[in-house]
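Presented below is the structure to which this report refers.
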Amino acid sequence: MGAFDLPEWAAIFVPDAPLLGSFVRGSVVYLSLIALFRVVLRRQTGSIGLPDIMLVVLLSECVSASLSAEAKSVPNGLAAVLALLFWSYALDRLGHRWAWLQRLLEPAPVALVRDGRPLREHLDREGITDDELMAQVRAGGVDDLSRVKLATLEPDGNVSVVEQDAPGPPPAPLRASKAARAAEVPAGTEFDAAVKAFVEAAARVQGAVAWHEERANEHRAAARAARKLLAQHGVRAVRTPPPDTEHPAQESAP
């Protein structure tokens, strides 16, 4: 067959094995690998290293023959790929629907350090050495194990680290200096907002005082007009002093 001869279209597009068989093979291989990784290999901390890459490559070589079953047509290959994608999506959706299935597919989080003390039983069960633990703690931004409040091995193999609460600032003295009192004054937008609120309140008070003064002037003008009118009729208005509330007059004894 020459380099420029037409390909055999039947060999490419006509399935040379039952499509359902390719789908079933892909399903069995995928579910078997899920069980193998979940039960036997469990999980490891950290990112993917060289041994993990080698494991993935070797596994793909081992299962390639089981997936294809010597079938070389495009439809058979697509049927196997469709089976892998179908079960990946289906298990993800079913895991969100049923919590028991999610716990079966993914391991639960495991505490490795609590209040600065490593949990040896959990470390031994997960196969994590002290060096691996400290590497993950340093990756979380903490260089001292005693400063770790909680370190947890997550389902994806990463270690989440929660640092101990930092001690608060020392209490301020009772009599602060002028510089300290000046530092307590809010700056920026908070100070501007406080000044604006004070100016608005002062303007409202000034308006209320002006209103009361205007009413008082009106009352005084009305009183003068009334006295003038009474004087025209020969009546003299007598101003009565306000009562002395502090020293009330005592009635004389008979």
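Throughout, read-outs are computed from the coordinates displayed, never taken from laboratory work. These figures come from a predicted structure and were not determined experimentally. Note that we place each Cβ from the backbone using ideal geometry, even for glycine, and neighbour counts take in every protein chain shown.
Points worth noting:
- Full-extension gain in nm, residue 200 to residue 125, via 0.36 nm per residue minus C-alpha separation: 20.2 nm
- Residues whose amide H comes within less than 5 Å of that of residue 148, counting only those at least five positions distant or on another chain, are 116, 164 (H built at 1.01 Å from N in the peptide plane).
- Take 203-209, 76-82 and order them by the average number of nearby Cβ atoms within 10 Å per residue, most first; the result is 76-82, 203-209.
- Sorting 152, 129 by the number of Cβ atoms found within 10 Å of their own Cβ, with the fewest placed first, yields 129, 152.
- Once the Cα-Cα distance is subtracted from the 0.36 nm per residue extended length, the residue 191 to residue 208 segment shows a gain of 3.5 nm.
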